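Enquirer: Encoded as structure tokens, here's the structure I'll be asking about.
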Amino acid sequence: YVKNKSGDMVSLESLLSSKYGTSPATITRFNGSRRKKSSDSTIQVMASALIFVFLCLAALYESWSVPFTVLLTIPTGIFGAFFIQ
């Protein structure tokens with residue numbers, strides 16, 4: 001609920017339907033599709049970040065094999081911290 005110009009509390013769906021002429025069902029479908037797009041872009045962003053980190057490490061160490069070792073030590077360390085007692 002949000003306040004309108006007169007200070008009354010109205011639901012967001014009724015406010016949008018009166019202002020834009022759409023039904024609440026249209027708004028719900030739109031929100032559902034937006035959620036799916038954001039999850040797809042999350043995978044792309046994480047892959048791009050991994051490639052960027054790899055290329056930065058390759059430039060730092062001036063080698064193509066050392067960044068693999070550096071990137072694989074992080075999951076190995078997390079595995080050791082949680083599962084080995």
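Rule-based calculations on the coordinates, nothing more; no lab input. Please read these numbers as outputs of a predicted model, since none were measured by experiment. Note: ideal-geometry Cβ built from the backbone for every residue, glycine included; neighbour counts use all protein chains shown.
Enquirer: So between ALA59 and ILE43, what do we pick up on full extension, going 0.36 nm a residue minus the alpha carbon distance?
Expert: Working: separation 16, 0.36 × 16 = 5.76 nm, distance 2.45 nm.
Going from the current span to full extension adds 3.3 nm.
Enquirer: Taking θ = phi - 60°, what integer Hz values does the Karplus form 6.51 cos²θ - 1.76 cosθ + 1.60 yield along the stretch 60-66, in sequence order, with x for Gly and Pro?
Expert: 5, 8, 6, 7, 8, 8, 5
Enquirer: With labels modelled as points extended 7 Å from the Cα through the Cβ direction, what inter-label distance (nm, one decimal) is found for ALA81 paired with GLU13?
Expert: Calculated label separation equals 4.4 nm.
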